[in-house]
Amino acid sequence: MRTPLQDHPDASQLTSGFVEEEWQEVLAASIDRRAPDLRGYGSVFTPLCKAQKQFVIGQLGQSIDGRIATLTGDSNYVNCIEALVHLHRLRALCDAVVVGVGTAVADNPKLTVRHVSGSNPARIVIDPYGRMPAKSTLLQDVSARRIVITRTDANVSYPDGVECLQIKPDANGRLCCTEIRKVLREFRCILIEGGAWTLSRFIELNMIDRLHIMLAPLIIGSGPRGMQLPAIDYLSQAIRPGVAWYPLGTDMLADLSLSDTTPR
């Protein structure tokens, strides 16, 4: 069993020997909207730092056989500590972090920056029918903006201070990813953190500019998969993104450019 992240007082410096001074250069570059003066792993943050218009990045942590949990839902910890620190860095560089209501209810995440320096992003839940419990950590913690996106016909009740953005569902009764991006236009950098269904819908509709997949040397064998895209008949239809690889402790980070792909 892996050691919990909070047991490491210097967790912010675990990722590939990445020290605080280098991280501060990344934060400064993000403010200046320039590339950080770093090579190797530090350069992976360049697209976020340089983004001049709305930029959406997705992240996915999974086993080497593509699973994100066991059949019973156990997912602590699929990825190593260094990969979790990397996720917190993505949060710190983004203005908003988005999760689907299924993930929010199942995991009750904080979605805060706890293990690196930086500001907490706005926390956004896609909750079409108002399933989000009022006592959930996401809605109770006032350290950052709290936003819930629902259908226009949803009967919802959230705690004071929670912003509710309502969208008319499409012909299939779903909230369209294009419309979600539109209502979030005030945010420059957006992190789609989960779950698998939410991330997959954004990828399917070409709504993700960059995707970070963290692969753990772990074979689970069964359980939910990290991506659930429509079936294809031929490999010529597959998404073929540009990729760069970086070691994160025992894991590998695949930095995928989904704006630079061979069309499916």
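The values are calculated or read from the model by the stated rules, or taken from the named source; none is laboratory data. Bear in mind that the values here come from a model prediction, so they are computed numbers and not experimental data. Note that we place each Cβ from the backbone using ideal geometry, even for glycine, and neighbour counts take in every protein chain shown. We work out accessible area using only protein heavy atoms, side chains counted, and drop any ligands, DNA or RNA first. Shrake-Rupley method; radii C 1.70, N 1.55, O 1.52, S 1.80 Å.
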Within the stretch 155-173, which residues are modelled with pLDDT under 90 and under 24 Å from T137 (Cα atoms)? N155, V156, S157
Quick one: what pairs do we get from the stretch 27-43, first residue within 16 Å of A244 (Cα to Cα) and open to solvent by less than 40 Å² (accessible area, probe 1.4 Å), second assigned to a helix (DSSP H, G or I) and of a type in the set (S, T, N, Q), C-beta under 6 Å, 6+ apart or different chains? Y41/S16
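Considering the stretch 77-135 alone, what residues qualify as being among the hydrophobic types (A, V, I, L, M, F, W, C), open to solvent by 40 Å² or more (accessible area, probe 1.4 Å) and touching a Pro at 6+ places or on another chain (Cβ under 9 Å)? Reasoning before the result, please.
Going residue by residue through the stretch 77-135, those that are among the hydrophobic types (A, V, I, L, M, F, W, C) are 78, 80-81, 83-85, 87, 90, 92-94, 96-99, 101, 104-106, 111, 113, 116, 122, 124-126, 132, 134.
In the following step, the residues that additionally are open to solvent by 40 Å² or more (accessible area, probe 1.4 Å) were identified as 84, 105-106, 134.
Across the stretch 77-135, the qualifying residues are V105, A134.
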Scan of the stretch 59-92 for residues that are of a type in the set (D, E, K, R), over 16 Å from Y41 (Cα atoms) and within 17 Å of the chain's Cα centre (by Cα), ordered by number: R67, R91
Go through the residues of the stretch 216-231 one by one and say whether even a single one is free of Cβ contacts under 8 Å to residues at least 24 places away in the same chain and either under 22 Å from A83 (Cβ atoms) or loosely packed, with under 15 Cβ neighbours inside 10 Å (or both). yes
Of the residues in the stretch 234-243, those that are farther than 19 Å from R201 by Cα and not in a strand (DSSP E or B) come to Y234, L235, S236
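Yes or no, residue by residue, for (1) within 27 Å of C164 (Cα to Cα); (2) hydrophobic (A, V, I, L, M, F, W, C); (3) modelled with pLDDT under 95; (4) part of a helix (DSSP H, G or I):
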position	(1), (2), (3), (4)
C49	no, yes, no, yes
Y77	no, no, yes, no
I124	yes, yes, no, no
G130	yes, no, yes, no
Report every pair of residues separated by at least 6 positions or lying on different chains whose Cβ atoms are under 7 Å apart, first residue within the stretch 156-173 and at positive phi, second at pLDDT 95 or above and surrounded by 15 or more Cβ atoms within 10 Å (Cβ to Cβ). G161/R146
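Please go through the stretch 244-258 and give me each residue that is open to solvent by 40 Å² or more (accessible area, probe 1.4 Å) and assigned to a strand (DSSP E or B), ordered by number.
Quick first cut of the stretch 244-258, residues open to solvent by 40 Å² or more (accessible area, probe 1.4 Å) only: 245, 247, 249-250, 252.
Hits for the stretch 244-258 are W245, P247, M252.
Please verify whether G73 is touching a helix residue (DSSP H, G or I) at 6+ places or on another chain (Cβ under 9 Å), in a helix (DSSP H, G or I) and modelled with pLDDT under 95, treating the condition exactly as stated. Lay out the reasoning, then the answer.
Values: touching a helix residue (DSSP H, G or I) at 6+ places or on another chain (Cβ under 9 Å): yes; in a helix (DSSP H, G or I): no; modelled with pLDDT under 95: yes.
Criteria not met by G73.
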Some residue of the stretch 161-179 being among the β-branched types (V, I, T), surrounded by 18 or more Cβ atoms within 10 Å (Cβ to Cβ) and under 19 Å from A104 (Cα atoms): yes
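Does L139 fit the bill of being in a helix (DSSP H, G or I) and under 23 Å from Q59 (Cα atoms)?
On the way: in a helix (DSSP H, G or I): yes; under 23 Å from Q59 (Cα atoms): yes.
Yes.
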Failed item in (1) farther than 30 Å from E21 by Cα; (2) among the basic types (K, R); (3) in contact with a strand residue (DSSP E or B) (Cβ under 6 Å, 6 or more places away or on another chain), with R131 passing the rest: (3)
